[in-house]
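Report on one structure; see the data block that follows.
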Amino acid sequence: MANYLYIFRGGDMAGLSPQQMEENMKKWGAWMGQLSQAGNLKGGDPLGEGGRVVTGKKKTVTDGPFGETKDLVGGYLLVTAASLDAATELARGCPIFEREGSVEVREVREMRM
Amino acid sequence: MTTPEPTTTTSDVENLFRREAGRMSAVVVRLLGLGHLDLAEDIVHDALVQALEVWKFRGVPANPAAWLMAAAKNRAIDVIRRERTARRFAPEVADLLSTEWSLVPTVASAFEDKEIVDAELRLMFELCDGRLAEDTQVMVVLKYLCGFGVRELAQAFLSGEEAIEKRLVRARATLQAAGGLADLGDASRARARAPAVCRALYLMFSEGYHGSDPRAVVREELCAEALRLAALMADHPVTAVGEVKALFALMCLLAARLPARCDAGGDLIPLDEQDRSRWDAALNARGLTALAEATAGETVSEMHLEAAIAAQHAMAPSVEATDWPAIVTLYDRLAVMRPSPVVALNRAVAVGFARGPAAGLAAIDAIESLGRLDDYLFLAATRADLLRRSGHRAEALPHYLRARELARNDPERRFFDRRLEECGAPRK
């Protein structure tokens with residue numbers, strides 16, 4: 001087993017009715033509930049909008065990141081799975097795809113010999 | 001990093017977003033004024049998005065409605081701060097919102113529970129504006145007070161989403177001229193608008209109750225929302241006039257029958273065949289009480305008469321034990337106030353029960369301007385029923401066939417198929 005990070009991008013809610021948003025939330029609840037019950041879920045958080053970006057040797061601070069909604073990271077989850085393939089398969093159940101969002105699946109490197 | 005709550009249940013948040021969107025929107029519109037309905041929509045949408053983003057990771061909080069209200073309040077403060085030099089908000093609060101020291105307390109007090117009801121009622125009175133067509137009034141009430149989005153409106157009005165968007169744009173332009181929301185303290189103005197509000201709520205309820213759309217979920221929500229808004233009016237000292245109480249009574253008495261109105265397969269069961277033990281006794285009792293209160297005044301409106309008719313059914317243990325002569329008399333009075341072939345047809349149904357099917361058929365034939373009902377499903381269905389009940393099954397057949405042609409959805413078609421079979425038509 002290894003740990004994997006899901007990085008969520010996009011998933012725009014523009015133009016959705018309150019009812020449609022509730023439906024979307026329930027799908028997230030169901031998906032997270034499955035991950036949790038199967039023991040895959042280790043944790044995660046939503047991220048606020050905006051923030052700051054520090055770059056370069058001069059450590060320049062800019063507001064942001066701002067960009068197209070589809071490129072912005074909205075949150076992350078840490079899951080445990082048997083392989084990258086297994087983690088990817090689990091990610092395919094995420095409701096974010098209905099709203100044209102994406103999930104980046106990355107293995108967390110461990111200190112192994 | 002938080003571990004998401006695996007135990008979170010989402011079952012108790014049914015329609016929470018929609019319901020709270022309506023309440024948030026009423027408060028925000030009251031602050032911003034009718035001129036900024038678009039901005040109000042944005043604030044509500046942002047609050048819901050914020051909830052969605054956090055709750056999908058963390059689960060639904062213990063008091064989700066309060067959470068949403070707090071999110072909307074904070075968002076409203078931010079937006080007002082950003083926009084206040086460019087826009088002029090509701091006249092009543094514009095000055096308070098324009099300076100930093102009174103901004104936050106003004107917005108906060110508008111979000112208090114008691115004020116939310118006040119805002120809902122005031123907005124309801126503004127939205128039922130005579131310059132808007134009646135079904136447009138229903139549309140904007142559903143949009144700004146009940147949290148219906150374009151998708152749900154399209155379902156409710158059997159229309160495309162684009163057409164709904166266009167009608168909303170036009171309606172907003174019309175409403176914009178009104179500025180702020182009238183104060184409920186101005187009782188004479190509120191009462192003058194009450195009939196229009198009653199008509200809109202009645203239309204909303206009827207569309208849910210008799211609607212032509214088989215998608216039952218939306219339909220029952222229309223009834224539930226109309227009932228909720230009518231209850232708000234019936235409970236408020238300024239708006240609780242006789243007609244409003246009668247309307248509320250009527251809705252309670254009709255809604256009480258909903259549990260008995262469909263069989264397990266979703267097919268309609270007519271009033272005379274319903275299992276009355278399945279009627280909602282609490283709603284019936286509320287309706288009868290409200291009707292008694294409504295009739296304490298001197299005026300008798302159409303709503304009073306319709307509620308009184310529904311009350312006759314509510315009090316009767318069976319079709320046979322129903323006081324049909326009393327119902328005929330009530331329809332006679334209603335026909336004077338609202339001369340319409342539809343009322344006359346309903347009266348004919350009552351006559352059919354009070355004096356027998358032949359008298360009912362004669363009452364139909366006596367309806368003036370009966371021609372206007374040629375394509376009316378219930379005319380064919382009523383004739384057919386009266387003929388069937390008087391033993392003239394063969395004569396009933398063509399009328400049932402006509403009713404089946406006019407049926408608007410599958411449950412109705414199945415209903416008439418069964419009747420056709422009972423009357424000897426070959427099984428399909």
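Here, each number is a calculation from the coordinates, and none is a lab measurement. Fair warning: this is a prediction, and the values are worked out from it, not measured in the lab. All Cβ positions, even for glycine, are placed from backbone atoms using ideal geometry, and neighbour counts span all protein chains on display.
Taking only the Cα atoms of chain A, how large is their convex hull per residue, in Å³? Show your work: numbers first, answer last.
Values: hull volume 14.2 nm³, N = 113.
Hull volume over Cα atoms, normalised by residue count, gives 125 Å³.
Could you calculate, for the protein assembly as shown, the ratio of the Cα radius of gyration to the Kirkwood radius, expressed as Rg to Rh? Answer for the protein assembly as shown: 1.06.
With both labels modelled 7 Å from their Cα along Cα-to-Cβ, the A:Val54 to B:Asp275 distance reads 7.0 nm. Legend: residue pairs A:Lys27/B:Lys166; A:Lys27/B:Lys56; B:Lys143/B:Lys166; B:Lys56/B:Lys143; B:Lys143/B:Lys245, Cα-Cα distance threshold 20 Å; pairs beyond threshold, A:Lys27/B:Lys166; B:Lys56/B:Lys143; B:Lys143/B:Lys245.
When GluC sites (Glu not before Pro) are flagged only if DSSP places them in a loop and at most 15 other Cβ atoms lie within 10 Å, the longest unflagged stretch of chain B comes out as B:113-297. Note on B:Ser159 and B:His236: the model spin-label points, each 7 Å out from Cα along the C-beta direction, lie 2.5 nm apart.
Listed by chain and number, the lysines whose alpha-carbon sits under 28 Å from that of A:Lys59, ignoring those within fewer than 8 places in the same chain, are A:Lys70.
What full-extension length gain, to one decimal in nm, is calculated for A:Glu68 and A:Arg112 as 0.36 nm per residue of separation minus the Cα-Cα distance? Kindly include the intermediate steps, with their values, before the conclusion.
Values: separation 44, 0.36 × 44 = 15.84 nm, distance 3.81 nm.
Full-extension gain reported as 12.0 nm.
Considering only A:Val61, A:Val103, A:Val73, the mean-square fluctuation computed in a Gaussian network model of chain A, springs between alpha carbons under 10 angstrom, is largest for A:Val61.
A crude spin-label estimate for the pair A:Asn3 and B:Glu395, with each label 7 Å from Cα along the Cβ direction, gives 8.5 nm.
Using only the Cα atoms of chain B, build the gyration tensor, take square roots of its eigenvalues as a ≥ b ≥ c, and label the shape rounded, prolate or oblate: rounded if a/c is under 1.5, else prolate if a/b is larger than b/c, else oblate. Don't skip to the end; give the middle numbers.
Values: a/c = 2.28, a/b = 1.82, b/c = 1.25.
Here chain B falls in the prolate category.
In the elastic network of chain B, a GNM with C-alpha springs shorter than 10 Å, the most mobile of B:Met124, B:Met24, B:Met337 is B:Met337. Only helices reaching 30 angstrom along their own axis (Cα) with mean Kyte-Doolittle hydropathy no lower than -1.0 count here, and for the DSSP H runs of chain B these are B:37-58, B:187-210. Taking chymotrypsin sites (Phe, Trp or Tyr not before Pro) across the range B:131-235, none is in a DSSP loop with at most 16 further Cβ atoms lying within 10 angstrom of its Cβ.
From the square roots a ≥ b ≥ c of the eigenvalues of the alpha-carbon gyration tensor of the range B:12-81, which class results: rounded (a/c under 1.5), prolate (a/b over b/c), or oblate? Note, shape of the range B:12-81 comes out prolate.
Which of the GluC sites (Glu not before Pro) found in the range A:65-113 are loop residues per DSSP with 10 or fewer other Cβ atoms within 10 Å of their Cβ? Before the final figure, lay out the partial values.
Numbers: sites: A:Glu68, A:Glu89, A:Glu98, A:Glu100, A:Glu104, A:Glu107, A:Glu110; in loops: A:Glu68, A:Glu100, A:Glu110.
Passing both the DSSP loop test and the Cβ count: A:Glu68, A:Glu110.
Students often forget the sequence filter, so: which lysines lie under 18 Å Cα-Cα from B:Lys114 once same-chain residues fewer than 8 apart are removed? List returned: B:Lys73. Quick one: 3J(HN,Hα) in Hz for the range A:8-13, Karplus 6.51/-1.76/1.60 with θ = phi - 60°, rounded, Gly and Pro as x. Result, ordered by residue: 9, 10, x, x, 5, 9 Hz.
Structure remark: mean-square fluctuation, Gaussian network model of chain A, C-alpha springs under 10 Å; the largest value among A:Lys42, A:Lys57, A:Lys27 belongs to A:Lys57.
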